Amino acid sequence: MEISSDSQDRHQNERTGASGPDGDFVAAPFPVYAFVNQKGGCGKTTTAVNLAGALSARGDRVLLIDLDPQAHATLGLGCSPDRPTVVDVLLGDASLEEAVVPAPGRLTLLPAEPRLAEFEEVSGRMIHPEQRLRAALAEAASRGMTFDHVLVDCSPRADGVLCANALYASTCTFLIVETGAFALQGAVQALKVLDEVAENQNRTFDIRVIGTMFDRRTKFARELLVALHARFGEAMFETVIRTSVRLREAPALGVPVQELDPNCRASTDFAALAEEVVEMNLDLVLEPVAPPAAAPLSPSDSSPGSSVSSASAADPIRERALRRP
Ligand SMILES: Nc1ncnc2c1ncn2[C@@H]1O[C@H](COP(=O)(O)OP(=O)(O)OP(=O)(O)O)[C@@H](O)[C@H]1O
Ligand SMILES: [Mg+2]
């Protein structure tokens, strides 16, 4: 579908009150977690969906945003939504309220569809396309929509504009690390990518690491977990998500694992992780992030991630992750 981004930029800004480079920006007053890793198949979607289910099972109000054109979170919750979806929200053609749907596990889902990939294409002609999601959340909040947690499932394209939206909106970045071969190298590589995005967005990311697909029967996995803790220290959640057949079955049935079996080990793991996330939030200060002071992009200067000032570099993310108090 062909989309004219200039008019949509104006449209979006009128709808959402999103700032241009000089405008005021209102941060969404929710804890927002971006689930990232450029490694495909490492468990981002599984962790996002089932952590959402665990937080909801505690009685919290949870919004799950599917920001991956593969739409695995959407499909794994048994949803095949009619439009509008998240791409319409990003383009300013629908509000968050118009696009969200109820999902199993008492979740609220902002669904995705393959058409979301087109946002990557048209975003090059937009002003600050990476700010769209955060603006939509802020607008929804200003109209009284409220959540205790917003979880954003990202595609493996960590340096793309969709992931940049998730990171820009996030109050905390959850780096998902599969406890398998090359996990440490993959995590370090992911930190480098995040470092570049942080520099482009002229901000820092608060990074926490979640180990997943852990099989305690293998010596390799146990040693790797020790190495991950040594490397990331307190940035790592204590809870590690173990391998579980239930986690493969649940998406086939279109439910979070808690709905399938509230007492299985996967439900137990995600309940423990949810506890840690809630505790983490008690320490989080949700501060608005000032918009970057970059000039608007010209249509020819439109590569994703280059749309904000990188003049003043953020604190190195790696150091933040490693030296987290
Ligand atoms: N803890 C686990 N135990 C068993 N299987 C798991 C676990 N976590 C994820 N899986 C399985 O691994 C596969 C990949 O998981 P998932 O789709 O969550 O990865 P992803 O990082 O979101 O992938 P992508 O990068 O393509 O978005 C899926 O088949 C999923 O069911
Ligand atoms: Mg996924």
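Points to keep in mind about this one:
- Scanning the stretch 137-165 for residues that are within 16 Å of ligand 1 (Cβ to nearest atom), in a loop (DSSP other than H, G, I, E, B) and of a type in the set (D, E, K, R) yields R157, D159.
Okay, residues lined up against (1) polar (S, T, N, Q); (2) under 15 Å from G105 (Cα atoms):
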position	(1), (2)
T243	yes, no
V257	no, yes
D269	no, no
A272	no, no
E276	no, no
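- Selection status of K39, at pLDDT below 95 and either within 16 Å of ligand 1 (Cβ to nearest atom) or of a type in the set (G, A, S) (or both): yes
- Evaluating S19 against the criteria (1) touching a Phe, Trp or Tyr at 6+ places or on another chain (Cβ under 6 Å); (2) modelled with pLDDT of 95 or more; (3) more than 16 Å from ligand 1 (Cβ to nearest atom) leaves one unmet condition, (2).
- Looking across the stretch 208-242 at every residue that is of a type in the set (S, T, Y) and closer than 15 Å to A48 by Cα, the one that is surrounded by the most Cβ atoms within 10 Å (Cβ to Cβ) is identified as T212.
- Meets criteria (more than 16 Å from ligand 2 (Cβ to nearest atom) and under 14 Å from G43 (Cβ atoms)) for A187: yes
- Yes/no for E196 being under 15 Å from Q38 (Cα atoms) and either within 16 Å of ligand 2 (Cβ to nearest atom) or among the charged types (D, E, K, R) (or both): yes
- Checking each residue in the stretch 64-90 for being buried (at least 24 other Cβ atoms within 10 Å of the Cβ) and more than 16 Å from ligand 1 (Cβ to nearest atom) picks out T85, V87, V89, L90.
- Any hit, the stretch 42-51, residues being under 19 Å from the mean Cα position of the chain (by Cα), modelled with pLDDT of 95 or more, among the β-branched types (V, I, T) and surrounded by fewer than 17 Cβ atoms within 10 Å (Cβ to Cβ): no
- The single condition among (1) within 16 Å of ligand 2 (Cβ to nearest atom); (2) out of contact with any strand residue (DSSP E or B) (no Cβ under 8 Å at 6 or more places or on another chain) that D153 does not meet is (2).
The values are calculated or read from the model by the stated rules, or taken from the named source; none is laboratory data. Predicted model only: the values in this text are computed from it and were never measured. Positions of Cβ are backbone-derived with ideal geometry, glycine not excepted, and every protein chain shown enters the neighbour counts.
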